[in-house]
Amino acid sequence: MKKYDYLIFDADHTLIDFEADEREAFRKIFALCGRRADEDMLARCRELSVRTWDDVGLSDVDDAVIQRTYHELYRSHLPLLFSRIFREFPTEMSPERAAEIFLRLLEEGGAPEKGAEKVLSVLSEATGGKYRICVATNGLHAIQTGRLKGMEKYFYRVYISEDIGVIKPLSAFFARILSDLHTTKDKCLMIGDSLESDIAGAKGAGIDSCWVNPSGRSPGAILPDYTVRELAELLSLLV
C-alpha cells in the first residue's frame, strides 16, 4: 500500500451506525406518544424510511438537482416519512412535530460500527501519529457533529457537507478538504461504504479509496483501490 498522511473516513455505515441511531429515535418518538414500538414496528419504520429517502431522490447523489437541494430535502422529507409511519401506526403526534423531534434525537446518537473505535484507536496511537484522521460526511451539521462526538478525540478534522455547501461525490467537496489540509491528493486515502458517494467521489477527485464492503457485493464499474469486508482489516493494510 502507498504511504498516506491523511485517512479520510466516511461517517454513516462506516464509523457510526445510522440504522441503530434511527431505530432508537423511532423508539423514543413512539414512547413519547405512549406506544411501545416492537421489533416489527421498528423494522417497518426502517423500510418506510428507506423508501421515502429514495422516493424524494436523496439516494441519487449524481443528480444535479439533488446535489443543490440535498440538505433542504433531508429536512423536508421527514414529515412525509412520519405521515407514512403514522398512517400504519396511528398516534396523536403530527408528522411535522415528529420530524422536528426526530432531528433532535438523531443528534443524541452515535452508535459505533463494529470495530470502529478499536481501529481509530490503533491508527491514532499505535502508529505514533503517522496518520491524521479526518471525517468527510454528507449530512446536517448538528446531527453529524452530535453523533460523532463520542469519537471526536481521534479526529484531526471533520468535514460535513452542510458546512461545505456541496455534497459527495462532487469534486468541489474533496477540493475543499485538500485546500483546508494544505495537502495533495496523493497523500490522502478515502475510506467509506458508498460506491456512489465515497468511492466514485474520491476517484473523480484523483484520491485513492478503500471500500468497506461487508456484504461482499460486486463494485460494478466503480472500482476502489482497496476493498475490505470490515474495518479491522484496515489495520493489516495501514499499520
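Given the structure, is PHE155 touching a helix residue (DSSP H, G or I) at 6+ places or on another chain (Cβ under 9 Å) and within 27 Å of SER49 (Cα to Cα)? Answer is no for this residue. Only one entry in ASP63, ASP5 is of a type in the set (Asp, Glu) and in contact (Cβ under 8 Å) with a residue 60 or more places away in the chain, namely ASP5.
Here's a check for you: in segment 153-167, which residue that is open to solvent by 40 Å² or more (accessible area, probe 1.4 Å) and in a helix (DSSP H, G or I) is nearest to ASP12 (Cα to Cα)? This residue is GLU162. If the condition is being in contact (Cβ under 8 Å) with a residue 24 or more places away in the chain and under 20 Å from ASP63 (Cβ atoms), then segment 143-192 contributes SER161, GLU162, VAL166, ILE167, LYS168, PRO169, LEU170, SER171, PHE173, PHE174, GLY192.
If the condition is being open to solvent by 20 Å² or more (accessible area, probe 1.4 Å) and under 20 Å from LYS185 (Cβ atoms), then segment 206-226 contributes GLY206, ASP208, ILE222, LEU223, PRO224, ASP225, TYR226. Of all residues in segment 66-96, those that are touching a residue at least 60 places away in the same chain (Cβ under 8 Å) and aromatic (Phe, Trp, Tyr) total 2.
Residue by residue, here is whether (1) open to solvent by 30 Å² or more (accessible area, probe 1.4 Å); (2) outside any loop (DSSP other than H, G, I, E, B) holds:
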| residue | (1), (2) |
| --- | --- |
| MET151 | no, yes |
| PRO169 | no, no |
| ASP180 | yes, yes |
| ASP186 | yes, yes |
| ASP198 | no, yes |
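The values are calculated or read from the model by the stated rules, or taken from the named source; none is laboratory data. Remember, it's a predicted structure, so these values are computed and weren't measured experimentally. Neighbour counts are summed over all protein chains in view; Cβ atoms, including those assigned to glycine, are modelled from backbone coordinates with ideal geometry. To get the accessible areas, we keep the full protein, side chains included, count just its heavy atoms, and leave off ligands, DNA and RNA. Shrake-Rupley method; radii C 1.70, N 1.55, O 1.52, S 1.80 Å.
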